[in-house]
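Asker: One structure coming up, written as structure tokens, with questions to follow.
The values are calculated or read from the model by the stated rules, or taken from the named source; none is laboratory data. Remember, it's a predicted structure, so these values are computed and weren't measured experimentally. Here the Cβ positions follow ideal geometry from the backbone for every residue, glycine too, while neighbour counts run over all protein chains shown. Heads up: the accessible areas ignore ligands, DNA and RNA and are worked out on the full protein's heavy atoms, side chains in. Shrake-Rupley method; radii C 1.70, N 1.55, O 1.52, S 1.80 Å.
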Protein chains: 2
Amino acid sequence: MIPGLKVASLAGGVGSARFLAGLVRVVEPESLTVVVNTGDDERLRGLHICPDIDTVLYHLSNLCDWDRGWGVAGETFSVNDHYRDLAIRAGDAIQEDRTGKEVDVHEWFALGDRDLATHLLRARFLDVGLSLTEATDRLRRAMGVECRVLPMSDTPVRTVLLTQSGEALDFQEYFVRRGQREEVARVSFVGAAEARVAPGATEAVASADLVVVPPSNPLISIAPILAVPALREAMAGAPGTRVAVSPIVGGRALKGPADRLLASMGHEVSALGVARMYRGLVDVFVIDERDAGLSGEIEALGMRTVVCDTIMRSAEDAARLAKTVLAEVRP
Amino acid sequence: MIPGLKVASLAGGVGSARFLAGLVRVVEPESLTVVVNTGDDERLRGLHICPDIDTVLYHLSNLCDWDRGWGVAGETFSVNDHYRDLAIRAGDAIQEDRTGKEVDVHEWFALGDRDLATHLLRARFLDVGLSLTEATDRLRRAMGVECRVLPMSDTPVRTVLLTQSGEALDFQEYFVRRGQREEVARVSFVGAAEARVAPGATEAVASADLVVVPPSNPLISIAPILAVPALREAMAGAPGTRVAVSPIVGGRALKGPADRLLASMGHEVSALGVARMYRGLVDVFVIDERDAGLSGEIEALGMRTVVCDTIMRSAEDAARLAKTVLAEVRP
């Protein structure tokens, strides 16, 4: 731990959350600011759901189910079960999807009881006029999370995946409901250009000694954050050491659909493919031992490379990876 | 059961819901329309809560806890417990209200898991743009309720109790949180004058052979409905037989704060006091055996009186009372 070291981190879903659970073990939590993707936020059952913020909070508060990656460990689903029964009887739940199978349009996204309590408290904060930044700050304090957690924006930004067949899907629909089967041609971030950045977010990036891009999907977890002009500029001009960790190991995503998305959008499915997307935005690129052979090509992009075991099976693994990242900070 | 008899009923909380649970046993449910008070609706945890509509639906679907009067029998409170823990840790339970006093704005109103499923499905319906009338209709079908249940208004009407010390309280705050201790000087119904009446509500009253005012609080359950001009006019001009049942028996309210409210607002706390409020709006007033002595004075107001046992200990009792009401219909 380097006393006084100021750290900022971008964050998307599970990969980021795991990394951060390790990072807070090796930096002073109060000197860490996390800026989280809100492009996958969604209205569900009248509530404002923030999948990435919650995944980060649940990991940082040790409430998470590490293996499953989302939600809370030991979760129960009382309300969800009642809701599903009622919705089905209301004729609400059944709708034809493209495969011709009858599916329930909402039940594919189950909300656990404890998770629902988070959503209800957020809903209440938003309802009385707090911003998403303020609501998030209250939630993270309630969960005992000591580092600052900011949404990337207080105004809605919507990640939209345009399929090769011309459909526009949001991430949860693509990821959860369609089982990532669609070929995606393009991803766009509606509202990013005019987004109202969370107060303190650009300043945190601009004043950090270390800015981290954890191993998350570059196209849908990190790209929406970088699509917000002020945040992209802050990242491009950040005077601290900027370190990204590759989410692609041995040509595959460890979690989620990053590999399929990269391929369908014409990117090379490798740490090199990801490094190309971060060109000009990071100084150091951390790759897995299995990808050591890509080191030369990545360094040719103008980044230093660090090779290590990047797999996070536990918070201890994540802390080890975070230490490796910390070691790259240039005084 | 009189085939083809068209019945309309106003409805507030528990007394109304109990009466209706009996009424549907003695009329054809599909020829009954219930118009429910929405003056106590409220935003809670980002959700739109309709206490009276839900009490009516839970009674008509036999989901209710008859003795407790509100909520669902065998209810669990998983989410509520998690919410409370989180809210307390968020420092949320304490907040400045408009009067500058620190109050716990939410924790006094517990939402059960099954009840919450109702609120979430309603929230979803409203969120996708359905009116409260449409949302209520879907919910009642989902619960297997065969009669038509309408909110009195699709636009917000807010029952506000002005205390003698000058405070403005909503009903849930007065009733649940303050334990009905305040002296109330006046009740007003904000938004009633310009309310958008639920489609079909005035027509149901105007075309019914029988219009019932069940034994509910005249000041805060029935008055808000009658404060909506179109509904008051429909009631005043209804050609069917209009029958009200007294919620005051032996000088006391059987349930709720009607007696205390009547007294603090200067009304006589008796069936006669209630009858005075309904003058010109009802043809028949049903009073309990214990109040038989008031018959003459009530008839002097221009109503017939019917004396019977009005206490509803069960749905069977309620059906018996409903039968007595039905017998008053003039062909």
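Asker: Not counting ligands, DNA or RNA, and with a 1.4 Å probe, what is B:Lys255's accessible surface area in Å² rounded to the nearest 10?
Answerer: 90
Asker: May I ask you to give the percent of accessible area on chain B that is carbon plus sulfur, with a probe radius of 1.4 Å?
Answerer: 50
Asker: Under the Kirkwood approximation applied to all pairs of distinct alpha-carbon atoms, what is the hydrodynamic radius of region B:1-50 in Å?
Answerer: The Cα-based Kirkwood calculation yields 12.4 Å.
Asker: Additional query: Whole-Hz Karplus ³J(HN,Hα) for region B:46-61, in order, using 6.51 cos²θ - 1.76 cosθ + 1.60 and θ = phi - 60°, x for Gly and Pro?
Answerer: Karplus-based 3J(HN,Hα) across region B:46-61 equals x, 9, 8, 9, 10, x, 6, 4, 5, 4, 4, 5, 5, 6, 6, 9 Hz.
Asker: P(r) tail for the protein assembly as shown, what percent of Cα pairs lie past 34 Å?
Answerer: The answer is 52 percent, as a whole percent.
Asker: Taking the Cβ-Cβ separation of A:Ala110 and B:Ala110 as r and a Förster radius of 30 Å, what is the calculated FRET efficiency to the nearest 0.05?
Answerer: Once rounded, the FRET efficiency stands at 0.80.
Asker: Averaging sequence separations of C-alpha pairs under 8 Å and six or more residues apart, then dividing by the length of chain B, give the relative contact order as a whole percent.
Answerer: Across chain B, relative contact order equals 20 percent.
Asker: Would region A:204-331 count as rounded, prolate or oblate if I go by the C-alpha gyration tensor, calling it rounded below 1.5 in a/c and otherwise prolate when a/b exceeds b/c, oblate otherwise?
Answerer: Here region A:204-331 falls in the rounded category.
Asker: When each copy gets a label point 7 Å from Cα toward the beta-carbon at A:Ile2, what are the spacings between them in nm, shortest first?
Answerer: Those separations, rounded to one decimal, come out as 8.8 nm.
Asker: From the label point of B:Gly266, set 7 Å from Cα along Cα→Cβ, how far away are the matching label points in the other copies, in nm, ordered shortest to longest?
Answerer: 8.1
Asker: Label-point separation (nm) for B:Glu289 and A:Glu183, each offset 7 Å from Cα along Cα-to-Cβ?
Answerer: 8.2
Asker: Right, another one. Normalised by the residues of region B:205-331, what does the relative contact order come to in percent, with Cα pairs under 8 Å and at least six apart?
Answerer: Working: 203 pairs, mean separation 29.3, N = 127.
About 23 percent, as a whole number.
Asker: Still on this structure, I have one more. If I build a Gaussian network model for chain B, linking alpha-carbon pairs within less than 10 angstrom, which residue out of B:Leu281, B:Leu126, B:Leu210 has the largest mean-square fluctuation?
Answerer: Looking only at B:Leu281, B:Leu126, B:Leu210, the biggest GNM fluctuation is shown by B:Leu126.
Asker: Here's something else I'd like to know. Tell me the label-point distance for the pair A:Asn62, B:Lys323, using the 7 Å Cα-to-Cβ offset, in nm and rounded to one decimal.
Answerer: Result: 6.5 nm between the two label points.
Asker: Between the label point of A:Pro239 and that of the same position in each other copy, find the distances and list them shortest first in nm, with every label point placed 7 Å from Cα along the Cα-to-C-beta direction.
Answerer: 8.6
Asker: What would the Debye equation give as log₁₀ I(q)/I(0) for chain B at q = 0.12 Å⁻¹, counting only Cα atoms as equal point scatterers?
Answerer: -0.81
Asker: Can you figure out the FRET efficiency of B:Glu268 with B:Leu162, using R₀ = 25 Å and their beta-carbon distance, to the nearest 0.05?
Answerer: 0.75
Asker: Report, in whole Å, the centroid distance computed from the Cα atoms of region B:1-52 and region A:193-237.
Answerer: 53
Asker: What's the buried accessible area, both sides, between B and A using a 1.4 Å probe, rounded to 100 Å²?
Answerer: Between B and A, the summed buried area is about 2800 Å².
Asker: First measure r as the distance between the Cβ atoms of B:Arg279 and B:Val128, then evaluate 1/(1 + (r/R0)^6) with R0 = 56 Å and state the FRET efficiency to the nearest 0.05.
Answerer: For R0 = 56 Å, the calculated efficiency reads 0.80.
Asker: Taking each residue of B:141-154 in turn, how many C-beta atoms of other protein chains fall within 10 Å of its C-beta, and what is the average?
Answerer: Mean number of neighbouring Cβ atoms from other chains: 1.
Asker: Run lengths n ≥ 4 of DSSP H only: what is the helix-derived mean residue ellipticity at 222 nm for chain B, with -39500 (n - 2.57) per run over all residues, to the nearest 500?
Answerer: Using -39500 (n - 2.57) per qualifying helix, the result is -9500 deg cm²/dmol.
Asker: How much net charge surrounds A:Leu161 when only other residues with a Cβ under 14 Å from its Cβ are counted (Lys, Arg +1; Asp, Glu -1)?
Answerer: -1
Asker: Take chain A, connect every pair of alpha-carbon atoms lying under 10 Å apart with a spring to form a Gaussian network, then pick out the residue of A:Ala258, A:Ala110, A:Ala227 with the largest mean-square fluctuation.
Answerer: Highest fluctuation among the options: A:Ala110.
Asker: Which peptide among B:286-299, A:73-86 comes first, and what is the full order, when sorted by highest mean count of other Cβ atoms within 10 Å?
Answerer: Packing order, densest peptide first, comes out as A:73-86, B:286-299.
Asker: What nm distance separates the two modelled labels at A:Arg304 and B:Met1, each placed 7 Å from Cα along Cα→Cβ?
Answerer: 8.4
Asker: Enumerate the aspartates and glutamates that B:Lys255 could reach by cross-link, defined here as Cα to Cα under 12 Å, with residues fewer than 8 away along the same chain left out.
Answerer: B:Asp67
Asker: For A:110-117, what's the mean count of beta carbons from other chains sitting within 10 Å of each residue's beta carbon? Working shown, then result.
Answerer: Details: counts 0, 2, 3, 10, 7, 2, 8, 11.
That average works out to 5.
Asker: Count charges around A:Ser270 for me, please; just the other residues with Cβ under 13 Å from its Cβ, Lys/Arg as +1, Asp/Glu as -1.
Answerer: Charge balance in the 13 Å sphere: -2.
Asker: So with the 1.4 Å probe, I'd like the accessible area per residue for chain B, rounded to whole Å².
Answerer: Roughly 38 Å² per residue, with all protein chains present.
Asker: Just the number, please: percent antiparallel of the DSSP beta bridges in the protein assembly as shown, rounded to the nearest 5.
Answerer: 45
Asker: Summarise the partner chain shielding of B:124-131 as one whole number: the mean count of Cβ atoms from other chains within 10 Å of each residue's Cβ. Spell out each step's value before the answer.
Answerer: Numbers: counts 10, 5, 1, 5, 3, 0, 0, 0.
Mean partner shielding for this stretch: 3.
Asker: Can you give me the long-range amide H partners of B:Val249? Hydrogens built in the peptide plane at 1.01 Å from N, cutoff under 5 Å, separation of 5 or more residues or another chain.
Answerer: Those qualifying (amide H under 5 Å, at least 5 residues apart or on another chain) are B:Leu254.
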